[in-house]
Amino acid sequence: MAESTEPGNKGTRPGAGRRQAVPFPKGRQVDPAALAEVGALLGDRPRRRDLLIEHLHLIQDRHGCLEAAHLAALAEEMKMALAEVYEVATFYAHFDVVREDEVPPPALTVRVCDSLTCELMGAARLLDGLQRKLDPRRVRVVRAPCMGRCDMAPVAEIGHHHVDRASVDKVAAAALAGHTHPDIPRYKGFEDYLAGGGYALLEAARAGKRTVDDLIALMEASGLRGLGGAGFPAGRKWRFVRQEPGPRLMAVNADEGEPGTFKDRYYLETDPHRFLEGMLIAAWAVEAPDVYIYLRDEYPAIREILLKEIAHLEARGLNGPTRIHLRRGAGAYICGEESAMLESIEGKRGLPRHKPPYPSQVGLFGRPTLIHNVETLYWVREIVERGPAWLQSHGRNGRMGLRGFSVSGRVKEPGVKLAPAGITAKELIDEFCGGMAEGHRFKGYLPGGASGGVLPAGMADIPLDFGTLEPHGCLIGSAAVIVLSDKDSMKDVALNLMRFFEDESCGQCTPCRVGTEKAVKLMSRERWDEALLTELAAAMTDASICGLGQAACNPLTTVMKHFRDDWAG
């Protein structure tokens, strides 16, 4: 029988079955110069997997981008597959990955926020003007999602330097002058905080003058709920985590990427130690030896503040047995979702986890984990010192407590407003914001940021609190109130918000990944197909893995319901 000549039949080749010598090494080779640069940059830092994002930041901060040679060198240094390094680096918006056949970007990047409030205040004109004015060979001008400075819109960022209430000339002058470092605001530092009784409560707790059960009981009696958006009772969360077997961990969500939200930025820029003491008390209560603060990359000034102030309290030994780890995000709204944040802290892509198990059972590095946002921890000391009745003494319209509202848009005095829980949008505008901006008539508002839906001015008497807005298809969420006027098209408002969700979808689940893209295309048409958009919204809400996809259509459905003249005419 003649031998087969089919490909792969070894009988057709001399020496078949023997391994052939390869004339060159397999795979991507590591450039010795790049390896030396990365090794020197990392120094004696650990090469642990969970520090991958931190190390990517180091490289980008030094070289302005992430070139292929440096990524290959980092993979070699960390003993990781290059594919793992690439998948993380390309997931986050703030990492500029440059492949071998690409030209590195200019040394300077200007980002222009195009989220809702900035767009209302002229971000599109600002972006276009800067792209025309600045030499693209020297400066790259790109759009960017919310920077958490909505009260000073429009906003641009040059490197790590923010330009508030930006104009083309103002941003161009700062860029050409090389202003790339963050401005550090005035805040209450370590010594001033100590002089006002700071850390006395923490020391009393560690000395046994306060018991864990007493503190948890106080937190539960106060009714304090998680103020990042979900609203889970804080004291109950401490109790749930504490009943899990140790060792336990704690993570702080300081990644407030919801458009319209900037209250955590305000607290950290004014009184950071009040937050840090609340954090350490919570860590003491659940016996967490390690606390991880996940801070969004859009807050470079706060990062410098925290690095400095954490060093002060550690030098005095006030951190006690608790190790504090400050981790830097890299531009991913999805990492505001608690389980996606945990994945990012572990050095991975920020993909939400399926639940159960919940983070209180299986969280960071597989351990039971207490998760809080900044504002919740900021109030711990106040509640314990003043008693739960103090917090409950505030409130309106049958609600109890205080809320920090981030108010932006068409009002005279935007900013963080500490107001009674249950206050209405009309009361918030008139009593805390100086009324509507000149020349603007109140038309509608977002009660809870981009995912909270849109309501008309005729429904501005609804108490703003947990549970009051859900019957109307809306959420209080992070209490980000964006005020809209008769000068604004609600159709354009809904489209801006859906484009944000399209950009920020992590891509893990089809309903969100494909649904947001299809929604943007349908909403970009001159006339909306109400039946098709309603069907799409229902599919996304019912089938998406996490809150991003589940709430992305809230603005769409509420605009269709309450502002028909804006989109159906």
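Results, tabulated for the structure shown:
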item	result
Peptide ranges 57-65, 267-275 listed from the most packed, as the mean C-beta count within 10 angstrom indicates	267-275, 57-65
Distant alpha-carbon pairs in the stretch 201-337 (separation over 25 angstrom), percent	27 percent
Charge-dipole axis of the stretch 114-257 as Lys and Arg at +1 and Asp and Glu at -1 on Cβ define it, positive-most pick from GLY159, HIS181, GLY197	GLY159
ARG441-LEU532 FRET efficiency (beta carbon distance; Förster radius 35 Å; 0.05 resolution)	0.60
Pairwise FRET efficiency - LEU522 versus GLN243, Cβ, R0 = 56 Å, nearest 0.05	0.75
DSSP-defined antiparallel bridges as percent of all bridges, the chain, nearest 5	40 percent
Accessible surface, the chain, averaged per residue in Å² (probe 1.4 Å)	43 Å²
Option label - semi-axes √(5λ) of the Cα gyration tensor in Å computed here, alternatives (1) 40, 32, 25; (2) 40, 25, 22; (3) 102, 33, 18	(1)
Relative contact order of the stretch 206-286, pairs being alpha-carbon contacts under 8 Å that are 6 or more residues apart, as %	30 percent
Contact order relative to length of the stretch 237-390, as percent, for alpha carbon pairs under 8 angstrom and 6 or more apart	35 percent
Computed label-point distance, nm, for sites ALA221 and LEU418 using a 7 Å Cα→Cβ extension	2.2 nm
Net +/- balance of residues flanking ALA288 in space, Cβ distance below 13 Å, scoring K and R +1, D and E -1	+2
Cα centre as origin, Lys/Arg/Asp/Glu Cβ charges: the stretch 88-179 dipole, Debye	260 debye
Within the stretch 144-172, backbone nitrogen closer than 18 Å to the virtual label 7 Å beyond the Cα of THR270 toward Cβ	148-153
Stretch gain in nm, segment THR90-HIS181, where the contour uses 0.36 nm per residue and the Cα spacing is subtracted	30.3 nm
Efficiency of FRET from Cβ geometry, GLU470 and THR211, R₀ 25 Å, rounded to 0.05	0.10
Chain lengthening between ARG99 and ASP135 when straightened (0.36 nm per residue, less Cα-Cα)	10.6 nm
Sulfur and carbon atoms: percent of accessible area, the chain [1.4 Å]	50 percent
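The values are calculated or read from the model by the stated rules, or taken from the named source; none is laboratory data. Here the structure is a predicted model, which means the values were calculated and not measured. Neighbour counts run over all protein chains shown; Cβ positions are idealised from the backbone, glycine included. Accessible surface is based on the protein model in full, side chains and every heavy atom, while ligands, DNA and RNA are left aside. Shrake-Rupley method; radii C 1.70, N 1.55, O 1.52, S 1.80 Å.
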